[in-house]
Every structure is written in structure tokens, then in C-alpha cells.
Number of protein chains: 2
Amino acid sequence: MEKFEVTILGCGSALPTRRHNGSAQIVNVREKYFLVDCAEGTQVFLRENRVHLNRMNHVFISHLHGDHCFGLMGLISTQNLLGRIAPLHIYGSEALESLFRPHINYFCPNLTFDVTFHPVDTHAHAVVYEDNSLTVYSIPLKHRIRCCGYLFREKPLKPHMRQGVIQQYDIPTWQINNIKAGEDFTLPNGEVVPNHLLTTPANPPRSYAYCSDTLYNPDIVPMLTDVNLLYHEATYADDNAALATKYFHSTARQAATIARDANVGKLLIGHFSQRYDDENILLQEAQTVFPNTMLARERLTIPV
Amino acid sequence: MEKFEVTILGCGSALPTRRHNGSAQIVNVREKYFLVDCAEGTQVFLRENRVHLNRMNHVFISHLHGDHCFGLMGLISTQNLLGRIAPLHIYGSEALESLFRPHINYFCPNLTFDVTFHPVDTHAHAVVYEDNSLTVYSIPLKHRIRCCGYLFREKPLKPHMRQGVIQQYDIPTWQINNIKAGEDFTLPNGEVVPNHLLTTPANPPRSYAYCSDTLYNPDIVPMLTDVNLLYHEATYADDNAALATKYFHSTARQAATIARDANVGKLLIGHFSQRYDDENILLQEAQTVFPNTMLARERLTIPV
């Protein structure tokens, strides 16, 4: 199966600690790397995970709190020192460019590549990126400032060729894409082999949703329905549910409620408050609602 | 003796690696903490060194390259989250405020403390900070952009009271400062005890100089004469002397030449290029010129 996996670079919350970095992760879709959030130190976390800094062409920023974007300048500056040429595309709320363009101009006066900022309407559930195999949608979240999550959804995949049919019918290579697109195959003697004898159904397209930071917000459930993997913030346990409401964050139980109601495949919780020395309390509370939950941790790579 | 020591938080050069952080260090003068440079991640390096983030009231920035200042916003933002009240003073070239004030205003809209930027004339050797026990001077350096080092010099210290004299002559506490300032002491019977019988000479004031980043620049030798400890950048070994010139950096041998010519007590070299897996080559080349040289390393604390 084509690669589709997530690597956690950081899953702490506002105060970076020796245990957790700020928010950052790599979404790898068929060896195309997407960076989601970029806390201070992300360039070093990438090195620690042996990801070359110039592997990413697209960076998605959820919101403009420092623990989600203070690593941007260091990343861009080092990419420049490493001689990057490929354009870098940064997606996020509108203020991103007005804040960071002056720093790029000052700190990287001889930038060897273009940085393009793509304003994202954080209130909309809309396409923000698209390529041949993937669509990325914004997910409106409820935080103290404009904030959105991102949904990575594979495009419908092509069916598989049945084993042995290419040899059996001597199908030329140039015909294979047509057959995968649904055509039958006509033998030299005029006999038609129907498509269903040549192919097996495509794998269902996979999807990954990143939701951080947000108040418990059931409005997003329809956007998350049936996603294979959901990363949802779980800053607090039940003991601090009032703080979650006050600061527009979620408890682990609320994250699990979203996961259950959206019927997701697996829930990964993160954005842990530094007050929990043992995050198993968060895991346990989530699992009472949605058993297939796991804790995010730095350097975890998880298939979608 | 009153504390005067330096703790290295980071001593790498432009490309942060898993071995070295970017430039940052703490100068502790009598338990007053001064931060010198503030590379990305400095707030975490401070935690790793168990320095409370709100211990520092003064930050000195040598120049506006990212590996010396990209940690500023994270530091300020976290200080704010930690409820800092004390004003923060930041010293550095003029552009510092125009670059960082918009970020402070945006990312910390409810800042609980004042941040004051103090423009430093990087071309001058002048006083940039002063308190009862310390004067900090700028040291003009030659780099690709405006850049200065900082010289921390203790003010002249008071003489010590000779052991036993307070008891012997029954000297009241309120008289001790006068005697340390040079006065004699008159006994109740009118007899005068001359000052030299009451005191021993003060310790000579100590000094620490931080010089990073710079081309080999003998013009600074007179400013560094007799300093107890000199941190001087040594980005390259002799093998890359041409690169040192090209990028306005120094070799280890050049750093040692400055140290020798300024007759400093000890030389600490740092700002190592990531190309040296074994920095002993830098140490050896420096020691051929100035034997009392040591390599900086993260978490090293060294008395001045």
C-alpha cells in the first residue's frame, strides 16, 4: 500500500518542557512530506527524526500561537543556508504573511527560493491544497484566536490489476491505465475481456485529521466522519475541565467523544498540558469513551 | 568570592545540530543572571540548565542572525505565560525593536510586563549597562552585518576586613563600610588604628568578554587586555581559513592570537561549524598559540 503516515515531532502545549516539544508533525503521503504546525525548535526535531529540512514543500499552520509557529523563521533560514531552491508554500491565517514576511526579508535578504503564503479562511471547511493524490481541507476550530485543523484525504484510488492477467492476456503497458480507469480489454482475436475479470476493487481512500487547538466542538463531527486517524488535542483531564473551557481547549474525554461520534478508526491525543507528569490519566479517560485511543509522543510514526 | 560565572547554553554555529545548540549563554554576576544571545530553543536550554525563565532581566544580543536571536519571541511569550511582572531589557542593534515589537504586540497582546529595547551602537566600545557592581561594554566586531560583543567588568571591589579585627577592636557594624572605603578607626580612648591594619586589599575586579561572530580583528585587543575569561568564536580550523575570511568568521588559531595578544587569563572557544565532528582539531590549533584554551560545550559552567 502507498505510504500514508504521521510522525509526531512535538505534542506538548504552550509551555515547552524537557518531556514535550511544541506542536509539529510530518504527514507523509507517498513520500511527499507535509509539515503541520511548526513550534520553536522544529528544525532540530526534523533532524532528530532524520528528515531533511528541504523535504517539505508545504507547511500548514493551525493558528498563530507561538507554540505552533515560532519555528518557522528558523526553518526557513536554515533551508536557505542549505541552498533550497524549491518554492515553499505556507498555509495559515491571513496575519501570517504580514508577521513573517518582514522577518524573512530581514533575516534572509538573499533568499534562494520563493516563500508563498496561502491565506486560509479558518472559519470555512474548504479545500486549501490539492494534488494528484491528495486533497487537504481546513477544519474550523474554536480557539481563542482564529484557528483551523487540517484534513488530509487521499483521492479515490485506482483498482488493482488482478494477479497474472497482464501475462495471461499479454496486455501492453500503455493499456493498463485505461483498464484501471474501467475499460475492458479486447484481445487480438476480437474477444472482449470484461473489466471485472481484469481488476480488483481499489483500496478505500484513507484520511487523517489534525485538530489542535480547540474547545470541544461537535460541529466538526460531520467533517471527520469515518477518517482513519484523528489527532485531537487533549490538553486537560476531567480534573481541569473548567480550564479547558476557559482557555478554549479540550479534555481527553471530549476528544474521545468527537472520535466516537465521528466513527473514526483511531484517535491519537496530544497537546498535553505540562501539568500531567503521567499522561495515562488522559488516555484512560479518553478510552472510557473511545477505546481505540493512543497517546501521541515525540518520534512516534503511525500509519493512517 | 562573589559569584561570577558563565554557563554555555549553546555554542554551535548557523546550522543547529543534535550536538550543538545555537548561541546562548548565561552570565551570572552575584546571582544576577544576564542572557547573552538567544538562539532558537533558548527557553528549553534554560529549563535544561534549571534556570527559571524569569531569572533574567537583561538580554544582550550580539547581532541579528537567526542563530543568535530566533529564541527571543519564545522566551518572551513563555515569560508572559509564567506571569512575569519585572521589566525585560533587551540590548542590541537598532533593528531589533522594529523587527520584534510587531511580534510581541501580536503574539503577546496581554503582556504582563514591559519590554524595553536599548539600541546599541555596534561600532562603539561604550557602556551599554551599569549597576552597582558591574559595567557592560559593547565590543565592536567585524561581521557581515552589524555585530558587537559584550564585556562584563566588575566594578572595583571593596577591601576585606582583616580576620579578627572587628572583635579585637569592637568595631560597630555601621563603621565597617567606612573602613572598607578607606577610613581609619578611632578607639574609645582616642587611639587611631590605621586603615592598613584593619583591611587587606580588595580582590582585583574580574572581567568576561564575549566575542561572537567576527572576522579576526586585532583592533579589539586593547579592549580585551587582561580579561580573566574570553569567549571567542572559532568557527573554523586552519583547513577552512579561507571560509573564515569569506564569511567574516575566525579560525581557532585567530581566536587564540587575540587571546595571547590581549594577555587574557583563559580562552573559551565556541561557535563551532557543524563540519567538525571532532572539535579537538580546533582546540589543538588554538593551544599552539595560547595554551590556556578550552572548548565550549553545552551545560558547561566556568568561573570567571
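Here the contact order of chain B, divided by its residue count and restricted to Cα pairs under 8 Å and six or more residues apart, works out to 16 percent. For the pair B:Ile281 and A:Arg101, a Förster radius of 25 Å applied to the C-beta separation gives a FRET efficiency near 0.05, rounded to the nearest 0.05.
Each other residue within a Cβ distance under 11 Å of A:Asp67 adds +1 if Lys or Arg and -1 if Asp or Glu, for a net charge of -3.
For the range A:167-263, the set of GluC sites (Glu not before Pro) satisfying both a DSSP loop assignment and a count of at most 16 other C-beta atoms within 10 Å is given as A:Glu183, A:Glu191. Sorted shortest first, the separations between the A:Asn203 label point and its copies elsewhere in the assembly read 6.7 nm; each point sits 7 Å from Cα along the Cα-to-Cβ line. Total lysine pairs in chain A at Cα distances under 19 Å, for residues eight or more apart or on different chains: 9. The smallest convex shape that holds all Cα atoms of chain A, its convex hull, gives 147 Å³ per residue. The simple Förster model, with R0 at 30 Å and r as the Cβ-Cβ distance, assigns A:Asn177 and A:Ala86 a FRET efficiency of 0.60.
Backbone amide hydrogens, once placed in the peptide plane, bring A:Ser250 within less than 5 Å of A:Thr214, A:Thr235, A:Tyr236, excluding anything fewer than 5 places away on its chain. Calculated [222 nm] ellipticity per residue, helices only, for chain A: -7000 deg cm²/dmol; basis is -39500 (n - 2.57) per DSSP H run with n ≥ 4, divided by all residues, nearest 500. Of the GluC sites (Glu not before Pro) found in the range A:65-144, none is in coil by DSSP with at most 11 other Cβ atoms within 10 Å of its Cβ. Ranked by how many other Cβ atoms sit within 10 Å of their own Cβ, fewest first, the residues A:Met56, A:Met223, A:Met1, A:Met73 fall in the order A:Met1, A:Met223, A:Met56, A:Met73. Label point of A:Glu5 (7 Å along Cα→beta-carbon): distances to the other copies' equivalent points are 4.4 nm, sorted ascending. Counting from the shortest, the label point at B:Phe113, 7 Å from Cα toward Cβ, is 3.7 nm from the same position in each remaining copy.
Our coupling estimate for the range A:293-302, obtained by passing each phi through the Karplus curve with A = 6.51, B = -1.76, C = 1.60 and θ = phi - 60°, is 10, 9, 7, 5, 7, 4, 6, 6, 10, 9 Hz, Gly and Pro reported as x. Per-residue shielding of B:74-84, expressed as the average number of other chain Cβ atoms within 10 Å of the residue Cβ, stands at 3.
The angle separating the long axis of helix B:280-289 from the principal Cα axis of greatest extent in chain B is about 50 degrees. For the range A:116-188, trypsin sites (Lys or Arg not before Pro) are listed when DSSP marks them as loop and at most 11 other Cβ atoms sit within 10 Å of their Cβ; the list is empty.
Shown in residue order for the range A:15-22 are the 3J(HN,Hα) couplings computed by the Karplus curve 6.51 cos²θ - 1.76 cosθ + 1.60 at θ = phi - 60°: 9, x, 10, 6, 8, 10, 7, x Hz (x for Gly and Pro). Principal-axis analysis of the Cα atoms of chain B puts helix B:252-261 at an angle of about 30° to the longest axis.
What whole-number distance in Å separates the alpha-carbon centres of the range A:80-126 and the range B:110-156? Answer, in whole Å: 32. Amide hydrogen proximity for B:Leu134: with H placed 1.01 Å from N in the peptide plane, the residues at 5 or more positions away or on another chain lying under 5 Å are B:Lys155. Legend: ranking of residues A:Ser62, A:Ser93, B:Ser77 from fewest to most surrounding C-beta atoms inside 10 Å; resulting order A:Ser93, B:Ser77, A:Ser62. Helix B:95-107 and the longest principal axis of the Cα set of chain B meet at an angle near 80°. Chain A residue nearest by beta-carbon to the axis mapping A to B, with distance in Å: A:Gly41, 2. Karplus-derived 3J(HN,Hα) values for the range B:134-144, using 6.51 cos²θ - 1.76 cosθ + 1.60 with θ = phi - 60°, are 9, 10, 10, 10, 7, 10, x, 10, 10, 10, 5 Hz; glycine and proline are entered as x.
In this structure, A:His160 and A:Asp184 have a Cβ-Cβ separation that, at R0 = 22 Å, corresponds to a calculated FRET efficiency of about 0.85. Less than 5 angstrom separates the built amide H of A:Phe117 from those of A:Ile90, all sequence-distant by 5 or more or on a different chain.
A short reminder: the numbers here are calculations on the coordinates, not readings from a lab. Bear in mind that the values here come from a model prediction, so they are computed numbers and not experimental data. Backbone-built Cβ (ideal geometry, glycine too); neighbour counts: all protein chains shown.
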